[in-house]
1. When residue 202 is evaluated against the numbered criteria (1) open to solvent by less than 10 Å² (accessible area, probe 1.4 Å); (2) closer than 14 Å to residue 135 by Cα; (3) part of a loop (DSSP other than H, G, I, E, B), which criterion, by number, is the only one it fails?
2. From the set of residues in segment 205-219 that are within 13 Å of the chain's Cα centre (by Cα) and not in a helix (DSSP H, G or I), which is surrounded by the most Cβ atoms within 10 Å (Cβ to Cβ)?
3. Name the single residue that is modelled with the lowest pLDDT among those in segment 25-82 being among the polar types (S, T, N, Q) and farther than 26 Å from residue 216 by Cα.
4. Could you list all residues from segment 180-196 that are closer than 16 Å to residue 131 by Cβ and in contact with a helix residue (DSSP H, G or I) (Cβ under 7 Å, 6 or more places away or on another chain)?
5. Which ones in segment 55-89 are crowded, with 16+ Cβ neighbours inside 10 Å and β-branched (Val, Ile, Thr)?
6. Residue under question is residue 92, and the condition is that it be in contact with a Gly (Cβ under 8 Å, 6 or more places away or on another chain) and open to solvent by 20 Å² or more (accessible area, probe 1.4 Å); does it hold?
7. Within segment 159-188, can you find the residues that are part of a loop (DSSP other than H, G, I, E, B), surrounded by fewer than 22 Cβ atoms within 10 Å (Cβ to Cβ) and modelled with pLDDT under 95?
8. How many residues does segment 97-112 contain that are touching a residue at least 12 places away in the same chain (Cβ under 8 Å), over 12 Å from residue 134 (Cβ atoms) and surrounded by fewer than 18 Cβ atoms within 10 Å (Cβ to Cβ)?
Amino acid sequence: MDDKLVIKGIGFQSRLWVGTGKYKDFTETKNAIEASGSDVVTVAVRRVNIIDRKSENLLDYIDPNKYKILPNTAGCYTVEDALRYSRLAREAGISDLIKLEVIGDEKTLFPDTCGLLKATEILAKEGFIVLPYTNDDPVMAKRLEDAGAAAVMPLGAPIGSGLGLRNPYNIKIILETVKLPVIVDAGVGTASDAAIAMELGCDAVLINTGIAGAKDPVSMAAAMKHAVFAGRLAYKAGRIPKKLYATASSPIEGML
């Protein structure tokens, strides 16, 4: 399907983006990423070794020429930390892309939206392509757009919860509110969750725990790939309206 996602002039072949945390080892990480068909791999600058090439390195298993490496600021609880790790990733030559996280609560891992908005504005002015992880609030999504975000990444449910899209109506309103790509990030637990997000009209889905935490991560990665493709195709095809009563699937006009 000729349906490339484009963000700030950068083309992405896959609408399934994947994370690299929580796998048992780098080999399983590599195999799951390959099975997902994704060309975007996000890595936590603060937690994963991608800079020191003298020791075992994630990039020894993931070819930067094959995948777009998307650094993220996971684990950052202040604007200052998020800015520092974003700049560190760029200085290391990884990317101008940054998945921006400013966490506000250690238990729920919900974003600090005030800090997120501030960091987005600063990094956008510095030339970063900012993809902020936010809550499912249409008002905040619009403010992030105005602050210079290149896309918005609302949570479907708390990070790692696997609860699926808890409020699809808010996601739908975000899609109607902003003109940016909308990428669901967090909460996807299985293939049907990913399909629902895409059927709503989201531009992509980012999944880590839903794949890495499965009993068979490689098989789940393949399932997510097909779900995202099917959901996107169904969205573009246009579903039938929902009705309260039955409608015959075979016409009866002209029958004796």
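The values are calculated or read from the model by the stated rules, or taken from the named source; none is laboratory data. Please read all numbers here as calculations on a predicted model, not as lab measurements. In this analysis, Cβ positions are derived from the backbone assuming ideal geometry, glycine residues included, and neighbour counts consider all displayed protein chains. The protein model used for the area step is the full one, side chains on, heavy atoms only, and it has no ligands, DNA or RNA in it. Shrake-Rupley method; radii C 1.70, N 1.55, O 1.52, S 1.80 Å.
1. Every condition holds for residue 202 apart from (2).
2. Filtering segment 205-219 for residues that are within 13 Å of the chain's Cα centre (by Cα) and not in a helix (DSSP H, G or I), the one surrounded by the most Cβ atoms within 10 Å (Cβ to Cβ) comes out as 207.
3. It comes out as 55.
4. Result: 180, 182, 184.
5. Result: 62, 69, 73, 79.
6. Taking the combined requirement at face value, the residue does not satisfy it.
7. Listed by number, the residues that qualify are 159, 160, 161, 162, 163, 164, 166, 167.
8. 2
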